[in-house]
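The values are calculated or read from the model by the stated rules, or taken from the named source; none is laboratory data. Bear in mind the structure is a predicted one, so any value in this text is a computation, not a measurement. Please note: Cβ atoms are built from the backbone with ideal geometry, for glycine as well, and neighbour counts cover all protein chains shown. Surface accessibility is based on the protein's heavy atoms, side chains included, excluding ligands, DNA and RNA. Shrake-Rupley method; radii C 1.70, N 1.55, O 1.52, S 1.80 Å.
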Amino acid sequence: MTVSISGRLIERAAQLSDRARMVLGLIDGGQPWLDWACTSPMAHYHFVDELTLLAEVQKGLHSASLVFLPRAGLSISPLKLMSLETDTLRLLARGESGDTIERHAAELGHALQTDQLLTNDQLASTNGFLESLGVGQASLFKLQDLNDRLALFTLMSSRSDAVAGLALHAEAAAFAVQQARTVPQFCDYYQFFLLTVGTSKVPDAEPAVRAQMAEAALYRLLPLIFGRLDGLQLSASPLQDRELMSAIWQWQAGGRSVGFPNVSQAALQMVAHGGYRGEESPAAIVRLVDAYLGQANALLVKGRISAQSVGQDGASLRYTVEDATHQAQLEVSPERMVYLRGFAPLPPAAQPAD
């Protein structure tokens, strides 16, 4: 009987950290498995850290990376659970153990919102959103994973009918379905359309004309950003802030830059914050892309990490790097690739006073 973490023999659950012990209790069968592994003469399990133990126990018992908490209606990675505040874990544990979850519903709802966690019911509400746009039956949405649902919910929550009416949103959805090959790309192209040919820009144009204008703007840009889809491959996991920044600096020292994660993100970032309006010449577009990525990568040299978050899937990470006037969003994908997710001036309220 051998269970060890980083070479340290584990003989009972009490030897785990409080947080790891609570997360293990949220994994169906997790605590009984550890009791068995610590006493069975045939068991030999060695883990590099508590995060790995929890992830492997969940996968080993259920052949799934996400823990399903039926009373909370939440699907979440053990790694994300480990990042939560202890009070939030206690709330979840009380609910899953049979305590009346309605008594803590408001408190739990606030905690989940603070940690940007979405229940399965919330994620399912995106079905109605897609139907309202007239694309609910599109084959693109027939197979969705957690991150697809999260992307759609974020898009749904950010939509403002005050800026554009439902008809224009339906046009944006039709355009995005035509262009996208993944659900997150649908969300990118939907926003690209609204930013490029919203009614305030071409108020008298027919829908077909707006679609043609958006398509022309997209196709004018895409060939010029193929060489800017540069990602930095990381080896360490988990990663400390200083290790991430050191890896980026070494990457840049080799004459490379942190680029866009994919073509749809490149298009959205350039029209949202890169100054692209859809009508520039190829030479002007190249200058815009070079300026945008150049300024973003310069910030990565002199800025500091001001925030980080683990995705609900436990495999994706987001970092915010900022200086006195600008901020950049970095994404670390499940494959440990680092990409630029956004670069823009800080909101005026966030900038220091002169």
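Side notes on the structure shown:
- The residues listed here are Val271, Val286; of these, the one that is open to solvent by 50 Å² or more (accessible area, probe 1.4 Å) and farther than 30 Å from Leu54 by Cβ is Val286.
- Scanning region 63-84 for residues that are out of contact with any Asp or Glu (no Cβ under 8 Å at 6 or more places or on another chain) and assigned to a loop (DSSP other than H, G, I, E, B) turns up Ser63, Ala64.
- Scanning region 134-151 for residues that are farther than 22 Å from Val67 by Cβ, in a helix (DSSP H, G or I) and in contact (Cβ under 8 Å) with a residue 24 or more places away in the chain gives Leu140, Phe141.
- Among the residues listed as Glu243, Glu331, Glu335, the single one being closer than 30 Å to Ser75 by Cβ and touching a Phe, Trp or Tyr at 6+ places or on another chain (Cβ under 6 Å): Glu331
- Applying the set (1) open to solvent by less than 10 Å² (accessible area, probe 1.4 Å); (2) of a type in the set (Val, Ile, Thr); (3) not in a loop (DSSP other than H, G, I, E, B) to Thr320 leaves exactly one unmet item: (1).
- Region 1-43, residues that are among the acidic types (Asp, Glu) and under 22 Å from Ala93 (Cβ atoms): Asp18, Asp28, Asp35
- All positions within region 179-232 that are in contact (Cβ under 8 Å) with a residue 24 or more places away in the chain and of a type in the set (Val, Ile, Thr): Thr182, Val183, Thr196, Val197, Thr199, Ile225
- Reported count of residues in region 38-62, each being surrounded by 18 or more Cβ atoms within 10 Å (Cβ to Cβ), in a helix (DSSP H, G or I) and not acidic (Asp, Glu), is 7.
- Check on Ser281, within 30 Å of Asp145 (Cβ to Cβ), surrounded by fewer than 20 Cβ atoms within 10 Å (Cβ to Cβ) and small (Gly, Ala, Ser): no
- Among the residues listed as Ala93, Ala106, the single one being hydrophobic (A, V, I, L, M, F, W, C), modelled with pLDDT under 95 and exposed (fewer than 14 other Cβ atoms within 10 Å of the Cβ): Ala106
- Count of region 176-186 residues, restricted to those that are open to solvent by 10 Å² or more (accessible area, probe 1.4 Å) and in a helix (DSSP H, G or I), is 5.
- Residue match in region 4-17 (condition: closer than 28 Å to Leu117 by Cα and either of a type in the set (D, E, K, R) or buried (at least 17 other Cβ atoms within 10 Å of the Cβ) (or both)): yes
- Only one entry of Pro334, Pro261 meets the criterion of being part of a loop (DSSP other than H, G, I, E, B) and open to solvent by 60 Å² or more (accessible area, probe 1.4 Å), and that entry is Pro334.
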